[in-house]
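Okay, so here's the structure we're looking at.
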Amino acid sequence: MGTHVTIIGAGLGGLTLARVLHVHGIPVTVHEAEASPVARPQGGMLDIHEDSGLRALRAAGLTDGFRGLVLEGREATRVLAPDGTVLFDEDGSRGRPEVLRGELRALLLDSLPAGTVRWGRKAGGVRPLGGGRHEVAFSDGTTTVTDLLVGADGAWSRVRPLLSDAVPEYTGRSFVETWLTGSGTRHPASAKAVGGGSMFALAPGRGIQAHRESGGTLHTYVALSGTREWFDAVDFTDPPAAAARIAREFEGWAPELTALITEGTAPVLRVLHALPAGHRWDRVPGVTLIGDAAHLSAPNGEGANLAMLDGAELGEAVAAHPGDTEAALAAYEEAMFPRSAAAAADGEELHELLFGDTTPHGLISMFTGGAGDA
């Protein structure tokens, strides 16, 4: 029943949308550039928020399956000084369930009928055909025409230019990602420093953040402020040299912290970009965006949750306006624009707490209730 929906991108937002549409009996196809569900690692831990991610999972009818993925105790949070001194330590009573992104994605994929997701379908050109219809051309030479096109295709969305001229810009900060496996036996000091959940060791303009995943794996995000040219000068094709170069930015820090950089897997550069705060567009018939395609911001713990909420609310709007795609899209965007703008502003405040001149004391104050909820 209803309009057939075409989604570009099989991330958490696109899959949540597809699942909610399926629940309501609305036909949907998802086109994904990756060759398969396991084509690449799917990132680390996510804390799922009650008013966004969990709300989306309820709309998708997947709450029970989600509960089975929760890793107990991973909400624990600690803040360390560069010398390893523990400044703040909480055992995990804040109540935000933590799951692995890849397992959550698999839950969503398994909830969809076979063939819903078309793998190896990298979108190239997208063009309007008039009357709200659009044609998407894929890199394999095929095309599809749709009455409702949703860009769930992330930072460098191929769908976004139909709606907006905005382009993501470098934030002035990048992450370097590493994993330390078998930490309990091979790296006990680092494992103790990280604790049972997430760990922040911070100084103005830089930080070492790590999270305990499953099987004794410590997933680290090293944050550094710097120009693109500075990061381009680091040779990530030589992993030991790259790790040593990044670790030099933390000279004098506790060895159990710098070991998260130098003893882990090959470091991976994650250049952080953001769309303009408050990014929005005028209504264009037959097309909209969700998740990072709509409101990319620096990582702040909200991105996955917002993408899932976008997907759920768009799916519900389409179901609530049968035969009236424009009413559905207008209702969705009316709620999404202010929500994403507020989240981007909150994210900027969080990054100032993490990496600004007052770190880590402002962050600790936030955790202890002195500056709102974490």
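No lab work stands behind these numbers, since they all come straight from the coordinates. Quick caveat, the model's predicted, so the values are computed rather than measured. Virtual Cβ from ideal backbone geometry, glycine too; neighbours counted across all protein chains shown.
Residue exposure proxy: 350, 363, ordered by other Cβ atoms within 10 angstrom of their Cβ from fewest to most, comes out as 350, 363.
Each residue of segment 244-258 was assigned a 3J(HN,Hα) from its phi angle through the Karplus curve 6.51 cos²θ - 1.76 cosθ + 1.60 (θ = phi - 60°); the sequence is 5, 5, 5, 5, 4, 6, 10, 4, x, 6, 4, x, 5, 8, 5 Hz, with glycine and proline shown as x. Coupling constants for segment 207-220 follow from the phi torsions by the Karplus curve (6.51 cos²θ - 1.76 cosθ + 1.60, θ = phi - 60°), and in residue order they are x, 10, 10, 9, 9, 7, 9, 8, x, x, 8, 9, 9, 10 Hz; glycine and proline get x. Each helix, a run of at least 4 DSSP H residues, gives -39500 (n - 2.57); summed and divided by the residues of the chain, these come to -10000 deg cm²/dmol at 222 nm. Along the Cα-to-Cβ line of residue 38, 7 Å from the Cα, sits a label point; which residues in segment 183-227 have backbone N less than 20 Å from it? Under cut-off, by backbone N: 214-217.
Spin-label pair residue 368-residue 181: with each label point 7 Å from Cα along the Cα-Cβ axis, the two points sit 4.0 nm from one another. Here's the picture: a label point sits 7 Å out from the Cα of residue 165 along the beta-carbon direction, and within segment 275-318 the residues with their amide nitrogen under 18 Å of it are 275-284.
Along segment 50-56 the Karplus relation, 6.51 cos²θ - 1.76 cosθ + 1.60 evaluated at θ = phi - 60°, assigns HN-Hα couplings of 4, 8, 9, x, 5, 4, 5 Hz to successive residues, with x for each Gly and Pro. Rounded to the nearest 0.05, the FRET efficiency derived from the C-beta distance between residue 122 and residue 270 at R0 = 22 Å is 0.55.
Looking at the chain alone, DSSP beta bridges between its own residues are antiparallel in about 70 percent of cases. Extension gain for residue 203 to residue 67 (0.36 nm times residue separation, less C-alpha to C-alpha distance): 45.4 nm. Once both labels are positioned 7 Å from their Cα atoms along Cα-to-Cβ, the gap between residue 349 and residue 227 label points is 3.3 nm. Charge tally around residue 239: other residues with Cβ under 14 Å, Lys/Arg +1 each, Asp/Glu -1 each, net -3.
Under a GNM of the chain (C-alpha, springs under 10 Å), which listed residue has the highest mean-square fluctuation: 312, 56, 114? In the Gaussian network model the winner is 114. Counting pairs of Cα atoms in segment 169-274, how many percent are more than 18 Å apart? So the portion of pairs separated by more than 18 Å is 44 percent.
Take the Kirkwood radius over Cα pairs of the chain, plug it into Stokes-Einstein at 10 °C and 1.306 mPa s, and you get 74 µm²/s for translational diffusion.
The peptide list 252-265, 132-145, 196-209, 169-182, put in order of mean Cβ contacts within 10 Å with the highest first, becomes 196-209, 252-265, 169-182, 132-145. Near the amide H of residue 173, within less than 5 Å, lie the amide hydrogens of 226, 272, all on another chain or at least 5 residues away, with H placed in the peptide plane.
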